[in-house]
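The values are calculated or read from the model by the stated rules, or taken from the named source; none is laboratory data. The model shown is predicted, which means the values in this text are computed figures rather than measured ones. Here the Cβ positions follow ideal geometry from the backbone for every residue, glycine too, while neighbour counts run over all protein chains shown.
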Amino acid sequence: MVEKKSAPKEKKTTKKIASKEKKTEKTEKKPTKKIDKKIEKKTEKKTEKKIEKKIKKKIEKKIGKKVEKKIGKKIEKKIGKKIGKKIVKKTDNKVEKKTDGLKTEKSQKKKVKTAVSKKPSSLAYGKVMFQAFLWRGKWRFINKAEAEKARKKKLAKLAKLKSEKKEIIQKAKKKKRPTIVTKPIKGEKNGEFRKIHLKRKNYYPSLKRPKAHRPRGFYSKHKRFFRPSLTPGTVLILLAGVNKGKRVVLLKNLSSGLLLVTGPYLLNGVPLRRVQQCHVIGTKTKLDIHSLNLPAKLNDQFFKRIIEKKKIKKGEKTIFVPKKKSYQPNAERKELQKVVDKQLLEVIKKHPQKKLLLAYLSAMFGLKNNQYPHRLQF
């Protein structure tokens with residue numbers, strides 16, 4: 001019984017060993033095939049590159065020799081043009097024949113460009129009137145006569161500059177009388193020499209003062225720009241100052257960039273005064289002020305205040321602090337205010353809606369609930 005069971009076990013072991021041997025053979029064959037293919041590709045590429053280099057060198061040598069022989073300096077223009085075209089055709093045909101083994105058309109075009117770019121520097125016809133040079137990988141031609149004229153002009157300019165520099169240097173080298181002289185001093189530990197000023201000065205500053213540069217534009221000379229809505233005769237709303245919220249009539253745009261304004265004084269209590277543009281809202285209501293004759297005194301200088309400083313004497317000194325004087329207008333300003341107000345009130349009375357205008361100017365500006373300035377039309 002024991003001998004009969006041992007036979008099938010031996011068959012199984014032999015089958016397993018055979019299957020393992022087949023697997024190892026397959027694994028060994030796969031990498032060898034891949035390696036052989038890679039080696040073949042590399043060798044093919046190297047051989048192709050070597051062949052391409054050899055073909056390029058042969059083409060360049062042959063083309064260079066033939067072009068130098070056939071293109072001469074004393075060939076006529078018409079004959080030279082025909083010969084030039086024939087040479088280019090021949091070179092193209094030869095390049096095409098020898099580059100049949102190459103892969104792509106792009107590589108062929110590159111080789112043709114390299115062959116043509118290495119032509120000799122003289123392609124003139126008849127007399128040599130042009131000078132050739134390479135610029136950005138292409139042959140360029142210049143007329144020799146024009147090139148020489150430009151070169152002579154440059155040389156003449158350089159000669160002038162050199163002569164002017166020499167004159168400036170000679171003037172600078174002219175000896176000037178020295179203001180300081182060094183004198184030797186005898187004796188030990190005395191410094192051996194001293195610097196002496198020939199022109200003695202009474203005052204020697206300890207620090208060097210900065211140089212006074214000229215002013216490059218005063219603020220008074222700047223140009224002034226006004227908003228297009230701020231024309232004379234418009235009714236404005238003041239936003240800052242003592243009279244903020246009051247409505248006012250614009251009389252004039254001053255040279256300083258400020259606006260001359262009145263109430264008039266009888267309606268608002270706003271006198272003749274200057275206002276900045278940024279503290280004003282321009283409205284659409286306007287008045288015709290062409291008939292007004294404003295006096296010539298109403299300028300920026302008229303509104304400047306003169307401050308009088310009084311010196312306190314020894315006997316007048318007191319313990320109490322003196323009171324500051326409040327501003328009060330002059331008699332001239334009061335008279336001018338009356339003159340302007342009369343003329344302005346006459347213009348308002350002539351207006352067809354005079355009652356509304358008088359009430360509008362005398363009323364204060366203000367915002368109510370749910371009223372926003374960016375939504376209003378003034």
What about PRO295, is it closer than 15 Å to LEU361 by Cα and in the same structural domain as GLU335 (by TED's automatic domain parsing)?
-> no
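This table checks each residue for (1) over 16 Å from LEU259 (Cα atoms); (2) surrounded by fewer than 16 Cβ atoms within 10 Å (Cβ to Cβ); (3) under 46 Å from the mean Cα position of the chain (by Cα).
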site	(1), (2), (3)
VAL275	no, no, yes
HIS290	yes, yes, no
LYS297	no, yes, no
ILE307	yes, yes, no
Tally of residues being touching a strand residue (DSSP E or B) at 6+ places or on another chain (Cβ under 9 Å) and either under 26 Å from ARG200 (Cβ atoms) or not polar (S, T, N, Q) (or both) across segment 132-190 = 16
Which of the strands (runs of 3 or more DSSP E) contained wholly in segment 134-252 include at least 1 residues that are under 30 Å from GLN343 (Cα atoms) and of a type in the set (A, V, I, L, M)?
-> 234-238
What residue, among those in segment 257-269 that are under 13 Å from LEU238 (Cβ atoms) and more than 49 Å from the chain's Cα centre (by Cα), is surrounded by the most Cβ atoms within 10 Å (Cβ to Cβ)?
-> ASN268
With PRO295, PRO271 as the choices, which residue is under 14 Å from LEU250 (Cα atoms), modelled with pLDDT of 90 or more, of a type outside the set (A, V, I, L, M) and not in a strand (DSSP E or B)?
-> PRO271
Residue set LEU236, LEU250, LEU254; condition surrounded by 14 or more Cβ atoms within 10 Å (Cβ to Cβ) and modelled with pLDDT under 95; output residue LEU254
Determine if segment 198-215 includes at least one residue that is touching a residue at least 12 places away in the same chain (Cβ under 8 Å) and of a type in the set (A, V, I, L, M).
-> yes
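Listed here are the residues, each with its yes/no results for (1) within 22 Å of CYS278 (Cβ to Cβ); (2) β-branched (Val, Ile, Thr); (3) surrounded by fewer than 10 Cβ atoms within 10 Å (Cβ to Cβ); (4) more than 40 Å from the chain's Cα centre (by Cα).
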position: LYS183; (1), (2), (3), (4): no, no, yes, yes
position: GLU192; (1), (2), (3), (4): no, no, no, yes
position: LYS195; (1), (2), (3), (4): no, no, yes, yes
position: ASN202; (1), (2), (3), (4): no, no, yes, yes
position: PRO205; (1), (2), (3), (4): no, no, yes, yes
position: ARG209; (1), (2), (3), (4): no, no, yes, no
position: ALA212; (1), (2), (3), (4): no, no, yes, no
position: PRO215; (1), (2), (3), (4): no, no, yes, no
position: THR231; (1), (2), (3), (4): yes, yes, no, no
